[in-house]
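Enquirer: The structure follows.
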Amino acid sequence: MRPATPAADPDAYPPPADADTGGTAARRYHARYGSVLPAIDLTASNTPPKVHPGAHVIPLPFPPGAPAHASGLDPAASESLDNLDNLGALLALLCGVTRIDWTGAGVGAGRPVPSGGGAYPGEVYVATAFGLCHYLPAAHALELLSPADLRADLVRALSRPPAHRPELVLLITTRQDANLARYGPFGHRLQALDTGVLTGQALTVLAAASARPTAHVLFAERALGGLLGLDPGAERVHAVVTADPACPPTPTAELLNRRSARSGFEPAPVPVAQITELLDQATAPLPLDSPDGPGTPDGPNTPDAPDAVGCELYLVAGRVTGLEPGCHRHDPRTRKLVPLTPGATPRALFPPGGPGELAGFEAACALLVVGDHERGYPEHGDRWYRMLNLRAGILGQRIGLAAARVGLGAGLRCDFVSTETDRLLGTPPGRTALLAVLIGPERGSGTPTHHLLFPGGHR
Ligand SMILES: Cc1cc2nc3c(=O)[nH]c(=O)nc-3n(C[C@H](O)[C@H](O)[C@H](O)COP(=O)(O)O)c2cc1C
């Protein structure tokens with residue numbers, strides 16, 4: 001059971017790290033602010049990424065694999081330089097600039113991970129033998145925050161630490177104000193989805209470096225924040241990923257090709273086999289530290305199926321050859337799609353007249369991550385809500401990558417009204433749609449893009 005914590009204000013969400021209302025604050029927040037609409041203000045700006053003025057800045061080689069710059073680190077250091085090279089490759093594929101996009105809004109830097117409204121509220125910190133650093137994605141550089149090896153201290157704050165000290169500890173935080181001007185209080189839920197996307201990407205990229213990663217969501221948050229020097233009112237740790245990279249990560253085609261289908265979808269049918277393949281890849285077990293479901297006795301590194309972590313997938317088919325139009329539930333055990341509500345369409349998931357309705361009309365199908373809202377409050381308290389949205393983000397990231405792998409376009413969306421979407425899906429009480437992903441063949445040749453990295457590495 002969850003340890004007793006001081007009572008918190010049930011109207012304040014997110015509650016302070018050391019306070020908890022047993023889920024009351026999270027339930028109230030979800031009822032009032034769980035949907036983005038109608039509070040969004042598209043004219044408002046997101047806050048800029050974090051920098052640490054005065055910190056020593058270490059440029060990373062770009063493109064990864066190019067000769068390393070002088071790092072300024074102690075270079076008894078060829079080992080550090082090797083690590084920096086590999087670390088640079090890992091961070092570029094995690095959230096660096098990997099392409100240039102030409103869109104209606106002009107020329108922009110494209111990232112391997114999606115982010116709600118392009119706000120990128122997540123920050124990434126890296127602890128290795130040579131110290132604690134903060135990653136600057138736009139500059140592809142590290143800010144050296146401490147030359148001390150803090151890995152043992154960081155791991156001590158995890159509720160389910162790995163059996164040995166990991167070679168690499170990634171800490172994923174969110175800036176609390178990052179997207180609030182634009183999205184209002186809904187921005188907090190969006191931040192949890194976004195840091196989930198980053199966590200999922202870290203797991204994927206580290207798996208591509210044979211690093212046996214584990215994502216940790218249960219930890220002493222204040223202790224970790226203190227080690228990173230965070231102001232708890234401004235920035236909070238959402239996830240920690242521990243890993244032991246054995247080789248540089250491989251920049252696979254899907255890691256480089258993933259992007260949102262900004263030009264929309266060709267309203268053309270997609271064979272069910274392609275969707276089944278996508279689902280098989282997206283629902284592979286997750287290496288999470290907090291198994292809540294059955295059959296996970298071995299602790300960290302025991303991968304969990306999505307439904308064992310409080311999320312399941314629903315598919316609303318529009319134009320999927322071999323599948324009846326309507327709503328289906330993905331059964332992770334049989335891997336079959338179980339028909340639920342006939343007649344539901346991807347278009348009807350979104351409010352009439354909005355951009356979601358048009359995108360839904362064009363898409364072949366929509367995948368929805370549905371969270372078991374009530375399941376974790378008894379054990380985890382209010383934090384469960386963040387954990388659940390984070391898991392939905394991990395699944396959203398996997399679906400986006402799996403779509404790129406099978407050659408389909410995809411777009412993550414949260415511009416639906418939860419109560420309406422839940423009604424259409426027929427979700428049981430206590431379960432709610434957290435994230436939608438529209439899928440279909442991307443229109444024409446898609447948004448013009450110039451890739452900066454190539455499958456297989458530096459050319
Ligand atoms: C959690 C989440 C929610 C999103 N919701 C929407 C949405 O409601 N509507 C939309 O057009 N795009 C949405 N996006 C996509 C972002 O706008 C997109 O990822 C961002 O502009 C970066 O572009 P890219 O994905 O092509 O790299 C969402 C992305 C994430 C991660």
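Rule-based calculations on the coordinates, nothing more; no lab input. What you see is a predicted model; the values in this text were computed from it and never measured. Don't worry about glycine lacking a Cβ; one is built from the backbone with ideal geometry, like all the others, and counts go over all protein chains shown.
Enquirer: Which value does Rg/Rh take for the chain over its C-alpha atoms, Rh per Kirkwood?
Expert: Working: Rg = 21.1 Å, Rh = 22.3 Å.
My calculation of the ratio gives 0.95.
Enquirer: Next question, about the same structure. Just order 102-110, 195-203, 279-287, 215-223 by mean Cβ neighbour count inside 10 Å, highest at the front, would you? Let's see the in-between values first.
Expert: Values: 102-110: 11.7, 195-203: 28.1, 279-287: 18.0, 215-223: 19.9.
Ranking the peptides 102-110, 195-203, 279-287, 215-223 by packing returns 195-203, 215-223, 279-287, 102-110.
Enquirer: What's the local net charge at THR449, with K and R +1, D and E -1, over the other residues with C-beta under 13 Å away?
Expert: Working: positive: ARG99, ARG111, ARG258, ARG259, ARG262; negative: ASP101, GLU442.
It works out to a net charge of +3.
Enquirer: Going 7 Å from the Cα of GLN281 along its beta-carbon direction, which residues of segment 231-272 have the amide nitrogen within less than 12 Å of the resulting point?
Expert: The answer is 252-259, whose backbone nitrogens lie closer than 12 Å to the label point.
Enquirer: Can you order the peptides 248-254, 409-415, 121-127 by their average number of other Cβ atoms within 10 Å per residue, highest first? It would help to have the intermediate numbers written out before the result.
Expert: Details: 248-254: 19.1, 409-415: 23.3, 121-127: 25.4.
Packing order, densest peptide first, comes out as 121-127, 409-415, 248-254.
Enquirer: Please state the Cα pair-distance histogram of segment 42-249 with 10 angstrom bins from zero: what percent is in each bin?
Expert: 8, 35, 39, 15, 2, 0
Enquirer: Also: So if I take the centroid of the Cα atoms in segment 243-289 and the same for segment 366-384, what is the distance between those two points in Å?
Expert: 24 Å
Enquirer: Right, another one. Working out 0.36 nm times the residue gap between ALA12 and VAL107, then minus their Cα-Cα distance, what length gain in nm do you get to one decimal?
Expert: Details: separation 95, 0.36 × 95 = 34.20 nm, distance 3.92 nm.
Extra length from ALA12 to VAL107 when fully extended: 30.3 nm.
Enquirer: Go ahead and collect, in residue order, the members of segment 148-177 whose backbone nitrogen is under 12 Å from a label point 7 Å along the Cα-Cβ direction of ASP244.
Expert: 162-168
Enquirer: Which FRET efficiency, nearest 0.05, do ARG222 and GLU374 yield, Cβ-Cβ r, R0 41 Å? Kindly include the intermediate steps, with their values, before the conclusion.
Expert: Values: r = 27 Å, r/R0 = 0.65.
Given R0 = 41 Å and the Cβ-Cβ separation, E is 0.95.
Enquirer: Also: In nm, to one decimal, how far is the modelled label at ARG160 from the one at THR47, with both set 7 Å along Cα→Cβ?
Expert: 3.2 nm
Enquirer: In the neighborhood of PHE350, defined by Cβ-to-Cβ distances under 13 Å, what is the net charge if each Lys or Arg adds +1 and each Asp or Glu adds -1? Mind dumping the intermediate values first?
Expert: Details: positive: ARG347, ARG413; negative: GLU357, GLU362, ASP415, GLU420.
So the environment of PHE350 carries a net charge of -2.
Enquirer: PRE reach from VAL57 (point 7 Å along Cα→Cβ): which of segment 119-161 fall under 17 Å by backbone N?
Expert: In segment 119-161, the label zone of VAL57 (backbone N under 17 Å from the point 7 Å along Cα→Cβ) covers 124, 133-146.
Enquirer: So for each of 446-453, 265-272, 21-28 I average, over its residues, the number of other beta carbons within 10 Å; can you give me the resulting order with the highest mean first? Each step should come with its number before you reach the end.
Expert: Details: 446-453: 15.9, 265-272: 17.6, 21-28: 20.6.
Ranked by mean Cβ neighbours within 10 Å, highest first: 21-28, 265-272, 446-453.
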